[in-house]
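Step one of this worksheet: look at the structure below.
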Amino acid sequence: MAIDTQTTTDGPHTAAPEHHRLSGRARLVLFVLCAAQFMVALDFSVLNVALPVLGEDLGLGRSALQWAITAFALPSGGFLLLFGRIADLYGRKKLFLTGLALFGAASLLATLAWDPASFLTGRALQGLGAAVIVPTGMSLLTTTFPEGPLRDRALGISGTLLSLGFTVGMVLGGVMTDTLGWRSTMGLLTVAAVIVLVMAPGLLPESRTTERPRLDVPGAVTVTGGLLALIYALSTAARRGFGDLDVRGTLVLGLVLLVAFVVVESRSPAPLVSLPMLKRRTVAWGNVGGLVTFSMMSTVVFVLTLYLQETLELSSFRTGLVFGVQGLASVVAGSYAPKVIGRFGARRTLVGSLLGQGVLGAVLLGVGPQSGALLATVAVSLASMCHLGAIISYGLVVTSGVPDEQQGLATGLVTTTQQVGITIGIPMLGVLATTQASLFDGVRTVLAVDAVIVLAAAVLVGLGLGGRRKA
C-alpha cells in the first residue's frame, strides 16, 4: 500500500504526504527495500575484479570468463517481466521474500562451488533470484510510498544506493579477493541476503493489484527463450565462427522466438510489453539510448578489468581502486545530472551523454601494453559520469508525456532495458577480447567497436527524438 493513502494492505503509516517526511517505520521499510536493490547492484560488480583469480582456481578458461557474468545476467533480464507480473497477481511481498531466499541459497552455492558447473549454476540461480527481487522491490517501493515528494525522495535514495552499490562492489571485490579470496565476495552476498530476509517479513506490507491481469506465459517463454538462444549463439560464434551448425541453429532459433514474442504481445490482452507504448517516439528512442549505454558500459568495465590485471598485471586491490574512482565519479555525476537536465532538458542530456561516453571510449584506445592505468582511470571515470547522465535522462525521456495509468508500463520498459543491456553487452563484444591470441589486441578491438556503437547511437537517438512533433 502507499503510506498515508486509503488503499488496502497493512503497511506502515507516516505523517501526511504534505509533511514530506518519513516516519521511523517508513525509514526502516525504505532501508530494507534499498538494501535488497543494493545487494543486487553489488552482485553485478563485486565479482568483476575477481574474474582472473576465479578462473584460475576453478579452471575457467579466459574465453569462458564472461559466463561468470552472463550466467547471472541472462535469467535476471529474461525473467524480470514475468516475475513482475506474477507479483502483481499473487502478492509482491510473498514473491520478494521468495526471491531473497533463492538469492541467498544461490550465493551460498557459488561460495562453496567446487567446479565451473556448480559455480555457474549458483550464478544462474542468483540471477533468477535477482529477477524476482528487482521488480517486486521496486513495486513495493512505489506502492508503499505515495506519489509526490515522499516517493521522489524514496526513489532518489534508491537510485543513489544503486550507483553506490556498483562502486562499493568494485572496491570490496578487489580488497576481499586479495585478502580473503574470491569466494568471500559470494559469501558477502549470502550474509546480506540473510540479513534482509530476517528484517523484511515484519516490516513490508503485502500488496497486489486489484485488477488481476492475466499472466502472459507465452510472452515470457518466447522472450526469455529468444534472448537465451541469441546470446548463446553470439557467445559461441567468437570461438567457433558463424559457419558452425550449432551457432547458426541457435541464432535462427533466437530470432524466430523474438519474432514470435512480438506476435504474441500484439495479440495478448495483458502483454508483458505494450507494443503501442513502443510506438511513442520518446519511449522507443529513449530505450534505444538506455540499451546502448548499459550494454556498452558494462562491456568496457569487463574488458578493462582483464586489461588491468592480465596485461598491466595490477593486483585485484589496485584494479578495484581504479573502478572505485569510477564509481565515485558516477555518484558525483548523479548529484549534478538533475541540474544539467533542468537546464538543457532530458533529450539533449541523453544525446550529449551518449556522445561523451562514445568519445571517452575512443580515448581509451590510447592505453598501451605496458602502461595506461592512469589514462584508463581518468577516461573510464569521465565516461561513467556521462553514462550516469544517460541513465537518468533516458528514464525521464521514456516516461515523459505518458499518462499516469500507463506509467507502470513505461517504467517497466526502463527497468527491462537496463537488465537486457547488461545481459547482451558482454556476450556480444566481451568474447572478442577473450578469444583473440593477444588479449591487449582484443581489448583494443572491443573498445573501438564500443565507441563506434555509442557514437552512432547518439546520432540516431538525436535524430529520432528531434523534430517539432510532440512525443
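Starting from segment 273-298, keep only residues that are free of Cβ contacts under 8 Å to residues at least 40 places away in the same chain, then list their pairs with residues that are open to solvent by 20 Å² or more (accessible area, probe 1.4 Å) and among the hydroxyl-bearing types (Ser, Thr, Tyr) whose Cβ atoms are within a distance under 8 Å, requiring at least 6 positions of separation or different chains.
What qualifies is Leu275/Ser266.
Which members of segment 22-34 meet the condition of being open to solvent by 20 Å² or more (accessible area, probe 1.4 Å) and touching a Leu at 6+ places or on another chain (Cβ under 8 Å)?
Going residue by residue through segment 22-34, those that are open to solvent by 20 Å² or more (accessible area, probe 1.4 Å) are 23-25, 27-28, 31.
Scanning segment 22-34 gives Arg25, Leu28.
Please work out which one of (1) open to solvent by 40 Å² or more (accessible area, probe 1.4 Å); (2) at pLDDT below 90; (3) charged (D, E, K, R) is the condition Arg281 fails and give its number.
Condition (1) is where Arg281 drops out.
Tell me whether segment 216-233 contains one or more residues that are within 29 Å of Val397 (Cα to Cα), under 23 Å from the mean Cα position of the chain (by Cα) and modelled with pLDDT under 75.
yes
For segment 462-469, check the following and say yes or no: at least one residue is modelled with pLDDT under 85, under 20 Å from the mean Cα position of the chain (by Cα) and open to solvent by 60 Å² or more (accessible area, probe 1.4 Å).
No: zero hits.
So which residues in segment 37-63 are among the small types (Gly, Ala, Ser), surrounded by fewer than 23 Cβ atoms within 10 Å (Cβ to Cβ), modelled with pLDDT under 80 and within 22 Å of Leu314 (Cβ to Cβ)? Even if it seems obvious, please write down each step before you answer.
Residues of segment 37-63 that are among the small types (Gly, Ala, Ser), as a first pass: 41, 45, 50, 55, 59, 61, 63.
Pick out the ones that are also surrounded by fewer than 23 Cβ atoms within 10 Å (Cβ to Cβ) and you get 41, 55, 59, 61, 63.
With the extra rule that they be modelled with pLDDT under 80, the set shrinks to 41, 61, 63.
Within segment 37-63, Gly61, Ser63 qualify.
Can you say whether Val264 is within 30 Å of Ser184 (Cα to Cα) and in contact (Cβ under 8 Å) with a residue 40 or more places away in the chain, as far as the supplied structure shows?
Here the answer is no, as Val264 does not meet what is asked.
Restricting to segment 170-192, and then to whatever is in contact (Cβ under 8 Å) with a residue 60 or more places away in the chain and part of a loop (DSSP other than H, G, I, E, B), can you tell me which residue is farthest from Phe103 (Cα to Cα)?
Among those that are in contact (Cβ under 8 Å) with a residue 60 or more places away in the chain and part of a loop (DSSP other than H, G, I, E, B), it is Gly181.
Among the numbered criteria (1) in contact (Cβ under 8 Å) with a residue 40 or more places away in the chain; (2) more than 22 Å from Met428 (Cβ to Cβ), which one does Trp114 miss?
Single failed check for Trp114: (1).
Can you report the number of residues in segment 70-90 which are more than 14 Å from Val223 (Cα to Cα), open to solvent by less than 10 Å² (accessible area, probe 1.4 Å), of a type outside the set (S, T, N, Q) and under 19 Å from the mean Cα position of the chain (by Cα)? I'd like the intermediate steps shown before the answer.
Applying the first criterion (more than 14 Å from Val223 (Cα to Cα)) to segment 70-90 yields 70-73, 84-90.
Filter once more, so that each one left must be open to solvent by less than 10 Å² (accessible area, probe 1.4 Å): 70, 72-73, 87.
Retained after the next criterion (residues that are of a type outside the set (S, T, N, Q)): 72-73, 87.
So of that shortlist, the ones also under 19 Å from the mean Cα position of the chain (by Cα) come out as 72-73.
Counting residues in segment 70-90 that are more than 14 Å from Val223 (Cα to Cα), open to solvent by less than 10 Å² (accessible area, probe 1.4 Å), of a type outside the set (S, T, N, Q) and under 19 Å from the mean Cα position of the chain (by Cα) gives 2.
Can you tell me which residues in segment 306-364 are closer than 14 Å to Leu375 by Cα and of a type in the set (S, T, N, Q)?
Residues satisfying the conditions are Thr319, Gln326.
Residue by residue through segment 292-328, note down the ones that are at pLDDT 85 or above and farther than 18 Å from Val367 by Cβ.
Val292, Thr293, Phe294, Ser295
Any chance you could count how many residues in segment 347-395 are assigned to a loop (DSSP other than H, G, I, E, B) and not hydrophobic (A, V, I, L, M, F, W, C)?
Keep residues of segment 347-395 that are assigned to a loop (DSSP other than H, G, I, E, B), which gives 367-372.
From the residues that got through so far, the ones that are not hydrophobic (A, V, I, L, M, F, W, C) too are 368-372.
Qualifying residue count for the region: 5.
The values are calculated or read from the model by the stated rules, or taken from the named source; none is laboratory data. What you see is a predicted model; the values in this text were computed from it and never measured. Heads up, the Cβs are rebuilt from the backbone with ideal geometry, glycines too, and the neighbour counts pull from every protein chain shown. The accessibility values were calculated without ligands, DNA or RNA, using every heavy atom of the protein model including side chains. Shrake-Rupley method; radii C 1.70, N 1.55, O 1.52, S 1.80 Å.
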